[in-house]
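Okay, so here's the structure we're looking at.
Each value in this text was obtained by applying a stated rule to the coordinates, not by laboratory testing. Only a predicted model underlies this, so the values are computations on that prediction, with no experimental measurement involved. Here the Cβ positions follow ideal geometry from the backbone for every residue, glycine too, while neighbour counts run over all protein chains shown.
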Amino acid sequence: MAPALHVIAGPGPGQLATMAHPADEPWSPPELIALAKAGVQVLVSTTEPGPDTAGIEVVPFPASEQPGQPAPEAKQVVALAIRLARDVRAGRFVVTQAAVDNGRSTLLATMTLALLGIRPGEALRRTAEPGSEIAPDWLHDFVATNS
């Protein structure tokens, strides 16, 4: 069974999508094969893949090694968003994955859209998934600092 992708309208030529996947469950070969068949080329994941990634480049989602120390993680997430924007501009299909209800996948996708030139409010609208919230003020600050 293929995981559900939330494909986000963007300024191509590549594609950007988000998806949920339990952090405590490894990727199964059928899941990765289904993503590859859907055209996914880059998967940002909180979950380690097995040895066979079906040709998908799996990029680990930055995680803070020390609770209460968000600065290194924040810098890594910004660097990752810059990299993903480059991938989308190059025509690659990028998916950001995180555990349900933590919002990191949506946050990363929103940052990536902002770096692709989508206005902050529109980026938030395009990435909106039920139950996910991102502080608009933070996104406006991010765009002002990274544009």
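Overview of results
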quantity: Label-point separation in nm, A4 to A74, each point 7 Å along Cα→Cβ; calculated: 3.2 nm
quantity: Using θ = phi - 60° and Karplus 6.51 cos²θ - 1.76 cosθ + 1.60, couplings along the stretch 87-95 (whole Hz; Gly, Pro as x); calculated: 4, 5, 4, 7, x, 8, 9, 10, 10
quantity: Chain lengthening between A128 and V59 when straightened (0.36 nm per residue, less Cα-Cα); calculated: 22.6 nm
